[in-house]
Amino acid sequence: MKYDNIELNDNHKRSLSSTLMVVEQLLVDLMDVMVNSNQRCCYELKKDIDIATIESNQKVIKEALLIVCSLKEKYNTDKTVQSLQRIVDAKKTKIWETLHNSKSRRMKGFGVFPQKLIKEYDSDIDQLMAITDKIKL
């Protein structure tokens with residue numbers, strides 16, 4: 001659909017661009033979690049929504065995504081180009097930070113860590129950190 005060019009000021013345009021990007025990503029994530037029920041070792045997805053509701057939700061999400069695109073066009077918001085390298089780097093950093101904060105010496109707020117487990121536990125965390133560090137950009 002073609003719209004008259006509605007010009008927002010730069011601050012409003014940036015804000016709407018960010019909002020639409022976040023909403024679009026959340027909608028895509030919702031669609032993905034409803035469609036792909038990949039089971040993991042650390043969590044299990046309980047399918048407690050019936051298939052008819054999932055199918056209905058998928059239609060609603062597709063409609064919402066169309067509206068996001070329509071609003072992007074209507075208000076002439078910016079389209080962000082994301083670098084896969086930056087995304088991978090940010091995820092790797094988050095993994096490292098999360099694992100680093102899980103080391104025994106950082107768990108003081110949860111009580112005294114058993115002395116006899118420190119070496120093995122920290123070694124296991126270090127091993128996972130080393131493996132995830134091998135993810136290439």
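The values are calculated or read from the model by the stated rules, or taken from the named source; none is laboratory data. All figures in this text were calculated on a predicted structure; none of them were measured in a lab. With ideal geometry, Cβ positions are generated from the backbone for all residues, glycine too; neighbour counts draw on all protein chains shown.
Here LYS94, LYS134 are screened, and the one residue that is part of a loop (DSSP other than H, G, I, E, B), at pLDDT 95 or above, out of contact with any strand residue (DSSP E or B) (no Cβ under 8 Å at 6 or more places or on another chain) and exposed (fewer than 11 other Cβ atoms within 10 Å of the Cβ) is LYS134. Among the residues of this structure, GLN39 does not count as one that is in a loop (DSSP other than H, G, I, E, B), surrounded by fewer than 10 Cβ atoms within 10 Å (Cβ to Cβ) and under 16 Å from the mean Cα position of the chain (by Cα).
Report yes if GLU73 is under 30 Å from LEU137 (Cβ atoms) and part of a helix (DSSP H, G or I), otherwise no. So GLU73 does not fit the description; no. Being within 30 Å of ASN11 (Cβ to Cβ), at pLDDT below 95, of a type outside the set (Lys, Arg) and in a loop (DSSP other than H, G, I, E, B) is the requirement here; does VAL81 meet it? It is true that VAL81 is within 30 Å of ASN11 (Cβ to Cβ), at pLDDT below 95, of a type outside the set (Lys, Arg) and in a loop (DSSP other than H, G, I, E, B). When the stretch 100-119 is filtered for residues that are assigned to a loop (DSSP other than H, G, I, E, B) and either under 29 Å from GLN85 (Cβ atoms) or touching a residue at least 60 places away in the same chain (Cβ under 8 Å) (or both), the ones remaining, listed by number, are ASN101, SER102, LYS103. Given the options ASP122, ASP89, name the one that is in a helix (DSSP H, G or I) and either surrounded by fewer than 12 Cβ atoms within 10 Å (Cβ to Cβ) or touching a residue at least 40 places away in the same chain (Cβ under 8 Å) (or both). ASP89 is the lone residue from the list that is in a helix (DSSP H, G or I) and either surrounded by fewer than 12 Cβ atoms within 10 Å (Cβ to Cβ) or touching a residue at least 40 places away in the same chain (Cβ under 8 Å) (or both).
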